[in-house]
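The structure appears below as structure tokens.
Bear in mind these aren't lab numbers, they're just calculated from the coordinates by the rules spelled out. Small disclaimer: the values here were computed from a predicted structure and weren't measured. Positions of Cβ are generated from backbone atoms using ideal geometry, with glycine treated the same way; all protein chains shown enter the neighbour counts.
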Amino acid sequence: MKVLFIGGTGIISTAVSRVAVQRGIELYHLNRGKRADRQTPGVHTIIADVLQPGAVEAALAGMTFDAVVDWIAFRVEDVERDLALLQGKTGQYVFISSASAYQKPPVHPFITESTPLYNPYWQYSRDKIACEDRLNQAYREENFPITIVRPSLTYETVFPIAIGGWGCYTLADRLLKGKPIIIHGDGSSLWTVTHAEDFGRAFVSLLGHQQAIGHAFHITSDEVLTWNQIYFTIAEALGVNPKVVYIPSDFIARINPELGAGLLGDKACSGIFDNSKIKAFVPGWNAVIPFREGARRLVAWFDADPTRKRVDPVVNKEMDEILAAYHRV
């Protein structure tokens, strides 16, 4: 099977690429070639900037694929570009949406693929919903072969947290230095974190799956944790006792609206995902990496190369500002 990833060097897509190559897929990445550290052995790289459609069209001239996955489409104009570029070139187009598109606040405790898509808090999620709407129109009216996948908080080389930075070592650095960290609310709301390796095994099984055309799926672990358990498990993997300050999500949103959008529009709400659909389409799949094991792997990954332990001063500043504002009230 011949597959193209637009992007392919991100947090999730790197793990998925690894699984795809292991399964014998002829995998191509289309990107600018600027992240050699995340290049997966066995992948063919096509160098082109997706924001330059003419260059991409030339780079893909004469090529067709069994499946194309766009990992970096976030707005309707991105999928419009793909629709124009890929018509007749692929047997399946997989759009990476987001589980944050599901109804917020939720009115039912369990999330299925039929849960309404509605998010008045977070523009990121509304953009993903608009992309899904456009692609469903293309499926209905143009027979464009879409499959939609909605990841939730998926990790391998990043800490899967709500507050404390993304793609950096800032939270761990604070924990190791005994500095306070923030947990939103009282830490008792329920959430799910998914190791990218588990996600990848299910995701790759959807590629070229003709019965998946026209369908949407989320792929998550079945392990349900409180936010307290998530943060304390990270601290345990680091060998420290965390110094935690609990701050209401709406207070955080007032101090830092950008951070607040991702809380009120996603992580402040309990999220329990029903994975019956992906398991029906991919028989035998289960997420098998519990977070306690995933957290140990993550800490070991950082420890293996000290250059990975990047502390972001902006994240530290944001956390300190929220903490200072909260202590003033």
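Table for the structure above
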| read-out | value |
| --- | --- |
| Principal axis dimensions, largest first and in whole angstrom, of segment 170-329 by Cα | 57, 36, 24 |
| Trypsin sites (Lys or Arg not before Pro) restricted to segment 162-211 and DSSP loop, no more than 10 other C-beta within 10 Å | 177 |
| Interchain or long-range residues, amide H under 5 Å from residue 32's placed H | 48 |
| Residues residue 51 and residue 308, FRET efficiency given R0 of 25 Å [Cβ-Cβ distance, rounded to 0.05] | 0.30 |
| For Rg/Rh (Cα atoms, Kirkwood Rh), calculated from these coordinates, the label among (1) 0.95; (2) 0.99; (3) 0.97 | (3) |
| Fraction of antiparallel bridges per DSSP, the chain only, in percent to nearest 5 | 10 percent |
| The chain: relative contact order as a whole-number percent, Cα under 8 Å and 6+ apart | 19 percent |
| Debye, to nearest 20: dipole size of the chain, +1 on Lys, Arg Cβ, -1 on Asp, Glu Cβ | 600 debye |
| Whole-angstrom gap from segment 164-198 to segment 99-114, using each part's C-alpha centre | 23 Å |
| Amide H contacts under 5 Å for residue 217, placed H, 5+ residues apart | 148, 149, 150 |
| Of 311, 112, 3, farthest towards positive along the dipole that unit charges on Lys, Arg, Asp, Glu beta carbons give the chain | 311 |
| Lysine pairs meeting the criterion (Cα under 21 Å, 8 or more apart or interchain), as found in the chain | 16 |
| Span from the segment 277-295 Cα centroid across to the segment 1-58 one, whole angstrom | 24 Å |
| Likely footprinting exposure, 227, 285, fewest C-beta neighbours within 10 Å first | 285, 227 |
